[in-house]
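Novice: Sharing a structure below in structure tokens format, with a few things to ask.
The values are calculated or read from the model by the stated rules, or taken from the named source; none is laboratory data. The shown structure was predicted, so the numbers you read here are calculated from the model rather than taken from an experiment. Cβ coordinates were reconstructed from backbone atoms using ideal geometry, including for glycine residues, and neighbour counts include every protein chain displayed. Please note that ligands, DNA and RNA were not included when accessible areas were found on the heavy atoms of the full protein model with its side chains. Shrake-Rupley method; radii C 1.70, N 1.55, O 1.52, S 1.80 Å.
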Amino acid sequence: MSGTSAYYASQLRLELALRNRAFALQRQLPHVESRGGMAVTVYKPHPTRRRHGNFFDESYAAMLAIPEWRKRMEKVHAQAGASLPKSGRGWKELDSSMSSDALLMNIFCCPYVAEDARVLGLLGVDTEEPPEFGWRAQVPLKNGHTDRTEVDMKLGDMLFEAKLTESDFQSADVWVLRGYRDFEEVFEWRELPQEGGKLASYQLIRNVLAAHANACSFCVLLDQRRPDLLEQWYAVMRCVGSAELQVRCKVLTWQELSTALPEPLGEFLDAKYGIVAPGQSPAIAFNGSELEMSG
């Protein structure tokens, strides 16, 4: 991870930590804060189990009602044992205020969002199918097997990778990527960015290969406060050899997406994440070290 990425990631983590501490306290939402390092707000489901502080109410109700979405909420928090107090139900990844998957589901599980013509137009998707979270792509390997890599979301014929506070798109050894059947066909691979002797942005490369193999489009959703991730995206896209495949790949910010969302959901994203339409200011601004009322 470069120093630039570390800076932007840490600044966004600090902002979200402050926002969610205030959000949870003001609304008296059940939550804890992680131990060690920056305190991260991790939410508990409401005792009635019909509300959860990390989710917009309508989105959470839909998640509980649809078995495939409800199952997604059961993924165990990998760092819970070291940083969080014991919990009878166990901590889940989607309990964390830093979770990009939680942000993704807050938006696309909200009733009518995934079928709204404005949203679909912005994404460049034409479908009446509901979103699939944690979709398993079949990416061919040279040895005849497939890598069933997990894609954050599939909507129609578009695959999505969601990013928020993650440091980068991870890296991998060259030999790992050269094991994919179509890697050398799809990429001018010697031009791909490297980091510490490895190829950078492994997740982007793998998802572009997934889109190619499955005749899909690919979209990265990221935060406009992460220009480092946007730069990493363009560094990989410059190495895609096919102009047709390049056109099928796009990047969109959460802020751009927010322009097409229902107003109540937009207000939730503003308060909890500081996500507002480009050119607008959050109701509560972050000045680099603390929150303050805008205007």
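Novice: Take residues that are in contact with a Lys or Arg (Cβ under 9 Å, 6 or more places away or on another chain) and tell me which of the helices (runs of 4 or more DSSP H) falling wholly in segment 28-135 contain 3 or more. Break it down into steps so the answer makes sense when it comes.
Specialist: Working: elements: 57-65, 67-72, 80-83, 100-108, 117-123.
Correct list: 57-65, 80-83, 100-108.
Novice: Sticking with this structure for a sec: Being modelled with pLDDT of 95 or more, touching a helix residue (DSSP H, G or I) at 6+ places or on another chain (Cβ under 8 Å) and surrounded by 18 or more Cβ atoms within 10 Å (Cβ to Cβ) is the requirement here; does Phe286 meet it?
Specialist: Working: modelled with pLDDT of 95 or more: no; touching a helix residue (DSSP H, G or I) at 6+ places or on another chain (Cβ under 8 Å): yes; surrounded by 18 or more Cβ atoms within 10 Å (Cβ to Cβ): yes.
No: the conditions fail for Phe286.
Novice: Follow-up question, since we're still on this one. Going by what's in this entry, would Phe169 be described as in a strand (DSSP E or B), in contact (Cβ under 8 Å) with a residue 24 or more places away in the chain and within 23 Å of Cys219 (Cβ to Cβ)?
Specialist: On the way: in a strand (DSSP E or B): no; in contact (Cβ under 8 Å) with a residue 24 or more places away in the chain: yes; within 23 Å of Cys219 (Cβ to Cβ): yes.
For Phe169, the condition - in a strand (DSSP E or B), in contact (Cβ under 8 Å) with a residue 24 or more places away in the chain and within 23 Å of Cys219 (Cβ to Cβ) - is not met.
Novice: May I ask you to list pairs of residues, at least six apart or on different chains, whose Cβ atoms are under 9 Å apart, with the first in segment 1-29 being closer than 15 Å to Tyr273 by Cα and of a type outside the set (A, V, I, L, M) and the second being at pLDDT below 95 and open to solvent by 70 Å² or more (accessible area, probe 1.4 Å)?
Specialist: Between residues of segment 1-29 that are closer than 15 Å to Tyr273 by Cα and of a type outside the set (A, V, I, L, M) and residues that are at pLDDT below 95 and open to solvent by 70 Å² or more (accessible area, probe 1.4 Å), the close pairs are Ser10/Met38; Arg13/Met38.
Novice: Which condition number does Val139 fail, the rest of (1) among the aliphatic types (A, V, I, L, M); (2) within 17 Å of His212 (Cβ to Cβ); (3) open to solvent by 70 Å² or more (accessible area, probe 1.4 Å) being met?
Specialist: All conditions are met except number (3).
Matching residues to (1) open to solvent by less than 50 Å² (accessible area, probe 1.4 Å); (2) touching a strand residue (DSSP E or B) at 6+ places or on another chain (Cβ under 8 Å); (3) more than 21 Å from Leu14 (Cα to Cα); (4) not in a strand (DSSP E or B):
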{"position": "Gln203", "(1), (2), (3), (4)": "yes, yes, yes, yes"}
{"position": "Asn207", "(1), (2), (3), (4)": "yes, yes, yes, yes"}
{"position": "Cys219", "(1), (2), (3), (4)": "yes, yes, yes, no"}
{"position": "Arg225", "(1), (2), (3), (4)": "no, no, no, yes"}
{"position": "Leu245", "(1), (2), (3), (4)": "yes, no, yes, yes"}
{"position": "Leu257", "(1), (2), (3), (4)": "yes, yes, yes, yes"}
{"position": "Gly279", "(1), (2), (3), (4)": "no, no, yes, yes"}
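Novice: Oh, and also: Collect the residues in segment 98-132 that are in contact with a helix residue (DSSP H, G or I) (Cβ under 8 Å, 6 or more places away or on another chain) and not hydrophobic (A, V, I, L, M, F, W, C), keeping them in residue-number order.
Specialist: The answer is Ser99, Asp101, Asn106, Pro111, Asp126, Thr127, Glu128, Pro130, Pro131, Glu132.
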